[in-house]
Amino acid sequence: MIAFLTPDQQVEYAQAHEKALADNPALKDEGDKLKQEGVAIMASGTPAQKQDFMDKMTSHRLKLRQAMLKEDPSLVPIFSEIDKHLSEAKAKGTAPAH
């Protein structure tokens, strides 16, 4: 998902991600639970279940982003790049499913 970032940006992002999860075990647990839940729902869930799961993932990503920015406020430009990339991918119909 972040392969389009420069190698330095990828390292900075990864370090903040790791630190945010280490400092927020509940956030890590939530993400792990969502990953497990997502496999089953995306494979055989109803459209409503899939939408509910996607909403939970979006909420989780926002919480993770806030935790990462708390760890490293200099990530704002990196998140801007990620948002720009995702917007362009959605416009082309190539955005990731989650």
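The values are calculated or read from the model by the stated rules, or taken from the named source; none is laboratory data. These numbers were taken from a predicted model, which means no experiment stands behind them. Cβ sites come from the backbone with ideal geometry, for glycine too, and all protein chains shown count toward neighbours. Each accessible area value is taken on the protein alone, full model and side chains, heavy atoms only, with ligands, DNA and RNA left out. Shrake-Rupley method; radii C 1.70, N 1.55, O 1.52, S 1.80 Å.
Quick check on region 1-25: of everything there that is part of a loop (DSSP other than H, G, I, E, B) and farther than 15 Å from Leu69 by Cβ, which residue is farthest from the chain's Cα centre (by Cα)?
Restricting to residues being part of a loop (DSSP other than H, G, I, E, B) and farther than 15 Å from Leu69 by Cβ, the top hit is Thr6.
The set of residues in region 61-88 that are under 16 Å from His17 (Cα atoms), of a type outside the set (A, V, I, L, M, F, W, C), in a helix (DSSP H, G or I) and over 14 Å from the mean Cα position of the chain (by Cα) comprises Lys70, Glu71, Pro73, Ser74, Pro77. All conditions but one from (1) exposed (fewer than 12 other Cβ atoms within 10 Å of the Cβ); (2) over 19 Å from Ala3 (Cβ atoms); (3) among the basic types (Lys, Arg) apply to Lys84; the one that does not is (2). Residues in region 66-81 that are in contact with a helix residue (DSSP H, G or I) (Cβ under 8 Å, 6 or more places away or on another chain), open to solvent by 60 Å² or more (accessible area, probe 1.4 Å) and closer than 16 Å to Gln15 by Cα: how many? Of the residues in that region, 4 qualify.
The set of residues from region 19-57 being among the acidic types (Asp, Glu), open to solvent by 80 Å² or more (accessible area, probe 1.4 Å) and either closer than 22 Å to Lys90 by Cβ or at pLDDT below 95 (or both) comprises just one member, Asp55.
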